[in-house]
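Have a look at the structure below before the remarks.
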Amino acid sequence: MMDEGMDKIDIYNDSAIILDKTTPKKIISWITILIFLTTIFIIISLIPLNTYKTYIGTIKIDNGNSYILLNDCDFPIKNNNYLYIKSKKYFYKVENISDGYIALSLKLENNIKINNNKVLVNILDDRTSLYKVIKNKIKKGLGYGKFNR
């Protein structure tokens, strides 16, 4: 009696039966889709991305030196860094931090070097990843952002 039970188990150890078995196509397609989506997720989470803060600045000219006054900056500005005005990169230096405004000294081109001219100033905020940006947008959209608590 014991031998009959062993014969049933031995059919599963037969290499010809194992080689003839095929995996269903649905399982292969689901595994392929899962691998593809996992790779896309990993790639998206690793893409570096720069985020910028945009401010309205006022250009002031004093003794040939040009300054940009930024009102109500909500993050600390790093000294000796770059900012962008009309897609052009400018090196700036923080000259004065006072109540309500920050004065940045920089060399501007003559076409925008007009006293009391208002310009959009883009300053590098943070180096992040695309995944973090998407996650923060979803949080803010669902009402879980820092302003909705």
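The values are calculated or read from the model by the stated rules, or taken from the named source; none is laboratory data. This is a predicted model, so every value here is computed, not measured. Don't worry about glycine lacking a Cβ; one is built from the backbone with ideal geometry, like all the others, and counts go over all protein chains shown. These accessible areas exclude ligands, DNA and RNA; they are computed on the full protein's heavy atoms, side chains included. Shrake-Rupley method; radii C 1.70, N 1.55, O 1.52, S 1.80 Å.
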**Message:** Can you tell me how many residues within segment 34-56 are closer than 30 Å to Asn71 by Cβ and open to solvent by 70 Å² or more (accessible area, probe 1.4 Å)?
**Reply:** 3
**Residue list for segment 107-124, filter: farther than 11 Å from Leu69 by Cα and either surrounded by 13 or more Cβ atoms within 10 Å (Cβ to Cβ) or touching a residue at least 24 places away in the same chain (Cβ under 8 Å) (or both)** = Lys107, Leu108, Ile112, Lys113, Ile114, Asn115, Leu120, Asn122, Ile123, Leu124
**Asked** With respect to the numbered conditions (1) surrounded by 13 or more Cβ atoms within 10 Å (Cβ to Cβ); (2) of a type in the set (D, E, K, R); (3) over 22 Å from Thr51 (Cβ atoms), which one is the sole condition not fulfilled by Asp99?
**Response** (1)
**Prompt:** Looking at (1) closer than 30 Å to Leu46 by Cβ; (2) surrounded by 12 or more Cβ atoms within 10 Å (Cβ to Cβ), can you tell me which one Arg127 breaks?
**Reply:** (2)
**Request:** Could you please give the count of residues in segment 27-59 that are in a strand (DSSP E or B) and over 30 Å from Lys113 (Cβ atoms)?
**Result:** 2
